[in-house]
1. Just to be sure I understand the curve: with the Debye formula and one point per C-alpha of the range 97-142, what is log10 I(q)/I(0) at q = 0.25, 0.28 Å⁻¹?
2. Which residues' amide hydrogens lie under 5 Å from the amide hydrogen of Val134, considering only partners 5 or more residues apart or on another chain, with H built in the peptide plane?
3. Loop only per DSSP, at most 13 neighbouring Cβ atoms within 10 Å: give me the GluC sites (Glu not before Pro) in the range 1-109, ordered by residue number.
4. Suppose the chain between Leu266 and Asn60 were pulled fully straight at 0.36 nm per residue; how much longer would it get relative to their current alpha carbon spacing?
5. Based on DSSP H assignment, which helices of the chain show an axial Cα extent of at least 30 Å together with a mean Kyte-Doolittle hydropathy greater than or equal to -0.5?
6. Taking 0.36 nm per residue of sequence separation and subtracting the Cα-Cα distance, how much length would be gained by fully extending the chain between Thr245 and Lys116, in nm to one decimal?
7. Greater than 25 Å separation of Cα atoms is the criterion. Which listed pairs, Lys56/Lys360; Lys272/Lys339; Lys334/Lys396, meet it?
8. Starting from a Cα-only point model with no solvent, please compute log10 I(q)/I(0) by Debye for the range 5-248 at q = 0.08, 0.11, 0.13 1/Å.
Amino acid sequence: MYTPSWRIIGRGVYWLSIPDVNTRLFENMWPIPSGVNYNSYLVADDDEYLLIDSSKNVYNVEEILRLLNQVSGLNRIKHIAVLHSEPDHSGLIGEISKRIGNPALYSTLRASSFMKSMFNVETGIVKDGDTIRVGGRKLRVIELPWIHWPDTMFLYLEDEGILFSSDAFGAFGALEKPVFDDECDFEQYMLSAKEYFATVVAAYRQMVMRALDKIGKLGLNLRMIAPSHGIVLRSRIPEFIKELTSWCTLKSRKKVTIIYGSMYGLTEQLAKYACEVVKNMVDEVAVHNAVVSSVNNVLTDVVDSAGVIFITPTYEGNVFPPLSSIVELLRIKKIGSGKLAAVTVTKLWGGTAANQLSSKLGEAGFEVSHVCEYVNYPGGRDLTEYENILHGFLEKLNSMVSKLL
């Protein structure tokens, strides 16, 4: 039963776990069949409490207030911190603050502006290095903008070593109950974290690297990381940071992703042929039909692929639209940086699909090393030529990967 619940995670520290299994598209574009969790936290010292974030308004505010009442009693909440103003974390803060007696609200300067314009909520401004006090306890403000909004801050609870990390270190998936990293299938969880990174955070990966560097230089005694989505980390923090670093650098494995579109099945045959050629020369091949594959899965596979093969029919002289949409997302997020691409176009008459696709992939950061066009489904001599082209592509790819090892 997925319902809001809470759990103690430290001395006077409470995790409020708010699962969302009804929203089908995160940011109204990314499929989340397993839902997503919105995490809020309470930090207490005697009768004084700080609430960190709230939730998206997927639940009636009365239900969230009941949850808060179970932990603290509303009159004890004297402070609210807005880690960033995106509505999935701040959507209920205005209503909650009114109901609990207008506590002091804190946010960064940019978040303050956004809270005012979106919700007509006034916040006090804190900046990097400031301290928010809850009774005798201290939470250090660490400004880390662009993860993945420009207004983000983290809070570090010094006496417990807990980093409240906003959208960093997050993952998709609703939680039936709040669990730590050593209480779940961590490998499976990391797949959800990688998917969340590829879709929501990847465009800001340089900022995430800067954040990791800053946290490292601060010399924090990190005992726990409490993100706004997903589970709380305590035992596997080094492993998570290692994986996150590899995603941020788009570290490539000896892996090829094939992305194709097909209107009547002929181009799909070519994708299957390409897969048969490729699979014996790399460690892993992922194949995605642009029409039916989840865009989340496509982007997630591209993140750690050394090369991507794009195969498209020509549609009214252009790239097949479902495949074009995926390429546009790759361009926006620049996920092709440092990766090799091959372009294959099938057609019955003219068009500029090959040039269009090559240009967009260049903007996405790919090095487009091989481009070929065929009339209808290639046969006989054309298939032999195509196999040779794929071998050339793979030889270059394997050489690139070897230099990185």
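1. Log10 I(q)/I(0), no solvent term: -0.95, -1.03.
2. Counting only residues 5 or more places away or on other chains, the set is Leu139.
3. In loop regions of the range 1-109 (DSSP not H, G, I, E or B), the sparsely surrounded GluC sites (Glu not before Pro) are Glu27.
4. Values: separation 206, 0.36 × 206 = 74.16 nm, distance 5.06 nm.
Length gained, Leu266 through Asn60: 69.1 nm.
5. Answer set is 381-404.
6. Values: separation 129, 0.36 × 129 = 46.44 nm, distance 3.45 nm.
Length difference between fully extended and current span is 43.0 nm.
7. As for pairs spanning more than 25 Å Cα to Cα, those are Lys56/Lys360.
8. -0.26, -0.50, -0.73
All of the numbers you see were taken from the coordinates with simple rules; none came from a lab. In this text, all values refer to a predicted model and were calculated from it rather than measured experimentally. FYI the Cβ positions are ideal-geometry reconstructions off the backbone, even for glycines, and counts take in every protein chain you see.
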